[in-house]
Structure formats: C-alpha cells, structure tokens
1. Before we move on, is A24 modelled with pLDDT of 95 or more and in a helix (DSSP H, G or I)?
2. Only residues that are within 12 Å of M402 (Cβ to Cβ), surrounded by 18 or more Cβ atoms within 10 Å (Cβ to Cβ) and among the aliphatic types (A, V, I, L, M): list them for the range 327-346, please.
3. When residues of the range 15-69 are filtered for being aliphatic (A, V, I, L, M) and within 16 Å of the ligand (Cβ to nearest atom), how many remain?
4. In this structure, does L16 turn out to be at pLDDT 95 or above and hydrophobic (A, V, I, L, M, F, W, C)?
5. For A86, are the conditions met, namely being assigned to a strand (DSSP E or B), closer than 27 Å to G235 by Cβ, away from the ligand (no atom under 16 Å from the Cβ) and without any contact (Cβ under 8 Å) to a residue 60 or more places away in the chain?
6. Among the candidates E206, E164, single out the residue that is more than 16 Å from the ligand (Cβ to nearest atom), without any contact (Cβ under 8 Å) to a residue 24 or more places away in the chain and not in a loop (DSSP other than H, G, I, E, B).
7. Could you tell me whether any residue of the range 138-152 is within 16 Å of the ligand (Cβ to nearest atom), more than 29 Å from R299 (Cα to Cα) and either assigned to a helix (DSSP H, G or I) or not charged (D, E, K, R) (or both)?
8. Of the conditions (1) surrounded by fewer than 17 Cβ atoms within 10 Å (Cβ to Cβ); (2) under 18 Å from the mean Cα position of the chain (by Cα), D92 clears all except one; give me its number.
Amino acid sequence: MIKINENYLKLQASYLFAKIGKRATAHQAAHPDQEIIKLGIGDVTRPLPDACIQAFHKAVDEMAHGKSFRGYGPEQGYDFLREKIAQTDFKDRGADIEADEIFVSDGAKCDTGNIQEILSTDIRVAIPDPVYPVYVDTNVMAGRTGACHKGRYDQIIYLEGSRENGFIPDLPEQPVDLIYLCYPNNPTGATITKEQLKVWVDYALENKALILYDAAYESFIRDAALPRSIYEVEGARQVAIEFRSFSKTAGFTGTRCAFTVVPKECRAYTSDGAEHSLYDLWYRRHTTKFNSVSYPVQRAAEAIYSPEGQSQSRALIEYYLKNAALILEEVGSMGFDCIGGQNSPYIWVDCKMGSWEFFDLLLNKAGVVCTPGEGFGQCGRGFIRISAFNDFENVQKAMQRMADVLG
Ligand code: PLP
C-alpha cells in the first residue's frame, strides 16, 4: 500500500489570496463600472531592464548556432554570473563571499523551502510572526511540527513581532536551533540594523544554531547604514545561509533567477556532536537534484551587473520606492501609524480595527485592494500590508480615493 506523507494533512489551506480574490470579484460584479486598484500583490509590474532584454536575446541567438549552442551548464550556475554576484553584491560591500559559495537557482521560494532538507527533522525551529508563509509550510511538510491549533503549529517557536519591538523580534526564551529572518521584511517592510542583526549572529554562534537569512528585498535599501547582507556582520559566515533573488531586484518574477549563499565555514552537527560542513551537504543536494537555470536567463541576470544594467535596475527600484514614499506619506497623513515603505516596497499599516474590517472598508468604499495582515500570522491582526508594486498613476488614484474615504 502506497502511503502519503501525512504531514501534508496538517497544512492549513491557504485561504488568504483566494478570500481576497473572491471578495474583489464580488465587489467588481456589484460595481461593474468601478476600476479596482490592487495594492495587495507582491508581484512586480514594470518590464525587465533593457540591458537584460538585450542579453537575453543575444543568448537565445547563441542557442541557434552549433558553435555557440550550450547544453547542460554547471549545476551551481555559470562562473560568469557567480563571479559578478560575489564581487558586486558582497566583496564591494566588505562581505567576504567567494564565487564558489554562490548557488544560482530558479527562485528564493524554492531555495528557502529546499534548504531544510539538509537539516535534521528533530531540530527546534524559530519562525517570526507575521511571516512569509513558505518558511512555516515547508517545515510542516518536513514533519518538524505538530498539529495546527487556531493558526499556530505545535513545536514551532514563534518570534513575535509587534509595534513595540518594531517587528524585530526579541531572542527566544527557550533554546532554538534554526532561525528564519527576513529583512527588509515581507510583510512588514521593517529593516534591521547591523547591531540588531549582530545580536542574532552572536546568539547563533553561542548556541550552535543556524540563521536562514532571506534578503530578497535588499535592493530596496537606500539607507547606507543598513546591512544588505548578513555577511556584513562579523561571525555570520559560520552560522548563516543567505537567500537572494533577482525577482524584485530586476523584475525577474516571471523570468526566474535567484541564488543562495552557503559559506564554506557554515556548520551544523550530527546527533553525536560532530561538526559538518553545510556547504558540502548543500553542494551535494543541489548538484543531485537541480540542473541550474537556463543559459539565456543567466545571461540576462549577468546583465544586471553591467553599468547599464545597474542603473536600469536601480531606476526600477526607485520607481517602486517613489510609490512607497507616496503611500507612506498619504496613509500617514490620514492618521495611521505605518512601518516600512522607506527601504522596502511594503507598507505595514496599523489600521486601528480588524484587518478584514479595514480590507472591506477599503474595497467597498474606495475600490482599493490591500492584504489583511492576519493572513501572515496572528501578530498581523489589526494591520494591513500595502504593496508599492503598481503603476505610479494607480497608486496616486488609490491614495486619493482612500483620502476621500478616510482622510
Ligand atoms: N522571499 C520572500 C520574503 C518573498 O517575499 C518572496 C516573494 O514574494 C520570495 C522569497 C520568492 O522569491 P522568488 O521569486 O525568487 O522565488
């Protein structure tokens, strides 16, 4: 008899976006002439930078000729891309990362989910609340949790975010082995300072723990004092794996290219305490189960690092940051406290009422869709997330409508 992985039965159905879609569709049916503005999604809206498009086309043409055709590439990614990543994203910022510590992949979503396969199932996992749901669900699938009660899984240690701690959780009271951190944060838009991040790195060093650091939104950081990589913090090479993505950096959500950094010193232990290299384990896993990203996509990603690619992708981010600044200013002047929006595409709004109540108010009275915070965890109750990924004109229109209703 073939048996299923029963851990999948513990998973809670992801009602959030389905419920949002259903309410928006019902509203549209009742008001067919109203244009609904969606500020709920985390997907980009602007096209790829021209430098990427040109490199993409050129690489596709190379595939048409015997001499320049490429078959399977290296599983970890082509050196032409890994070397540029190591130099520009890390060494130039004082973070000591070598090209062979970069593993190119087709997404930070898959990587943050897949990485825990090289870790034991009986570790204690600490996950922030509110959170990008992938970290929780993939640990449920792996069997690291018990059942779910009222939205929380037994055995997960929830690191609670609040207005008081600025959504930078305190260290856990009980010992933990694996810690997920994401800055700039989805959904709250909060950023972390080097000093705050060092507290976590020191904790991991002292407790032989591992930090999984999701920096998918690092390119939105404009404050030069904020760390763009955890490896800017001393000691992190031993205790942290970092995830990056070109999805938001250069509009690659539909093109698919990302990378994971596993430093050679990064270690974990067998049950009898012997030290092992996580680099070796991830190298084995990646080369066994993955055949890397297509050649044209890696060439398109490489083009982000050319002078034109750098200025074009920066302009893309500036575009969304301008949206974020407008949202922050307008929603603030309506009397709401906000987090994020300055070094992040997300604005986390304390809506002074239930998340869904506020969602319905915005939809019904202003025709604007946002994301209720409680969809990201219990600590998101009473908040909504507004995303800056949209056209500026739509954001302006949405802010005007919100001001008319709430201002
Ligand atoms: N990590 C975070 C925090 C995200 O918000 C997202 C996407 O929204 C991802 C990872 C996924 O990135 P990718 O498109 O590279 O899979």
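1. Considered against the rule, which asks whether it is modelled with pLDDT of 95 or more and in a helix (DSSP H, G or I), A24 comes out as no.
2. I327, V331
3. 6
4. No; evaluated as a whole, the condition is false for this residue.
5. Spelling it out, it is not the case that A86 is assigned to a strand (DSSP E or B), closer than 27 Å to G235 by Cβ, away from the ligand (no atom under 16 Å from the Cβ) and without any contact (Cβ under 8 Å) to a residue 60 or more places away in the chain.
6. Going through E206, E164 in turn, just one is more than 16 Å from the ligand (Cβ to nearest atom), without any contact (Cβ under 8 Å) to a residue 24 or more places away in the chain and not in a loop (DSSP other than H, G, I, E, B): E206.
7. There is at least one residue in the range 138-152 that is within 16 Å of the ligand (Cβ to nearest atom), more than 29 Å from R299 (Cα to Cα) and either assigned to a helix (DSSP H, G or I) or not charged (D, E, K, R) (or both).
8. With respect to (1) surrounded by fewer than 17 Cβ atoms within 10 Å (Cβ to Cβ); (2) under 18 Å from the mean Cα position of the chain (by Cα), D92 is out only on (2).
The values are calculated or read from the model by the stated rules, or taken from the named source; none is laboratory data. Note that the coordinates shown come from a computational prediction; the quantities given were computed from them, not determined experimentally. So basically every Cβ, Gly included, is an ideal-geometry build from the backbone, and we count neighbours across all protein chains shown.
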